[in-house]
Amino acid sequence: MDDAPGIAVAAPLQAMLIEADFARTAFPPRHPPAEPLPCTVSDLTALLKPVTLPAERLLSLLVNTCTRDLAYDSPGGPWNPETARSVFERVLSTLGPRTLWWSNNDFSYAEEWTADGLPDAYASTTVTGYVLDRVLLGSGAGVLLTILAFADD
């Protein structure tokens with residue numbers, strides 16, 4: 001089975017990134033990327049890597065992404081951990097165990113994970129121009145979930 005995402009998987013992400021009113025933050029990136037940012041659906045599709053994690057680890061990663069600042073690993077994001085865990089437990093249940101996941105972060109480098117879902121190492125290709133960003137795309141049960149988090153140092 002081909003784990004490469006199709007064009008339809010990256011299209012919502014590309015639409016989010018090119019929206020003129022996309023509120024990245026009140027502060028523009030301090031360190032513009034050396035390489036041009038991906039701006040087409042094909043560019044985004046090419047940089048996405050499959051995410052193959054056990055269900056509990058994936059759940060912890062989703063919770064971490066939405067509750068911790070990527071740059072400083074401090075509390076931040078739209079939810080507290082309890083709310084995020086409850087939401088993502090329902091999301092994962094709805095999408096089902098055959099859901100395919102992709103990210104601009106390559107988690108295959110991680111040898112250890114913290115209890116709150118943070119890998120000790122991973123490679124990343126920026127999609128936003130900020131120092132750190134994380135895209136998580138899940139496709140299952142006829143649903144496409146797009147999560148984007150970003151931070152600067």
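The values are calculated or read from the model by the stated rules, or taken from the named source; none is laboratory data. Since this is a predicted model, take the numbers as computed values, not measurements. Here Cβ is always computed from backbone atoms with ideal geometry, including for glycine, and neighbour counts include all displayed protein chains. Calculation scope for accessible area: heavy atoms of the full protein, side chains included, ligands and nucleic acids excluded. Shrake-Rupley method; radii C 1.70, N 1.55, O 1.52, S 1.80 Å.
When only the Cβ of Lys, Arg, Asp and Glu is charged (+1, +1, -1, -1), the dipole of the chain relative to its Cα centre reaches about 380 debye. For the options ARG68, ARG57, ARG98, a Gaussian network treatment of the chain with springs between C-alpha atoms closer than 10 Å singles out ARG98 as fluctuating the most. Of the residues THR45, THR128, THR83, the one that moves most in a GNM of the chain with alpha-carbon contacts below 10 Å is THR83. Here the Karplus relation 6.51 cos²θ - 1.76 cosθ + 1.60, evaluated at θ = phi - 60°, turns the backbone of segment 52-68 into coupling constants of 10, 10, x, 3, 5, 5, 4, 4, 4, 5, 4, 4, 4, 4, 9, 10, 10 Hz, with x for every Gly and Pro.
State in Å² the accessible area per residue of the chain; use a 1.4 Å probe, count heavy atoms of protein chains only, and round to the nearest integer. Mind dumping the intermediate values first?
Details: 8470 Å² over 153 residues.
Dividing the accessible area of the chain by its residue count gives 55 Å².
Remark: the VAL143-ALA123 segment gains 4.5 nm on full extension, using 0.36 nm per residue and subtracting the alpha carbon distance.
Note on the chain: with a GNM built from Cα contacts shorter than 10 Å, the maximum mean-square fluctuation among ASN105, ASN64, ASN80 falls on ASN80.
Heavy-atom surface analysis with a 1.4 Å probe gives segment 80-132 a carbon and sulfur content of 51 percent of its accessible area. The length gained on full extension between GLU35 and ASP69, counted as 0.36 nm times the residue separation minus their Cα-Cα distance, comes to 9.8 nm. Amide H to amide H distances under 5 Å link VAL51 with TRP101, TRP102, SER103, where only residues 5 or more positions off or on other chains count and H is placed in the peptide plane. Couplings 3J(HN,Hα) of segment 135-143, computed from phi: 10, 10, 10, x, 10, x, 6, x, 10 Hz, in residue order, whole Hz [Karplus 6.51 cos²θ - 1.76 cosθ + 1.60, θ = phi - 60°; x for Gly and Pro]. Here the extension length gained between ARG98 and ASP116 equals 4.1 nm, from 0.36 nm per residue of separation less the Cα-Cα distance. For GLY76, the residues 5 or more places off, or on other chains, whose built amide H falls under 5 Å of its own are ARG68, ASP69.
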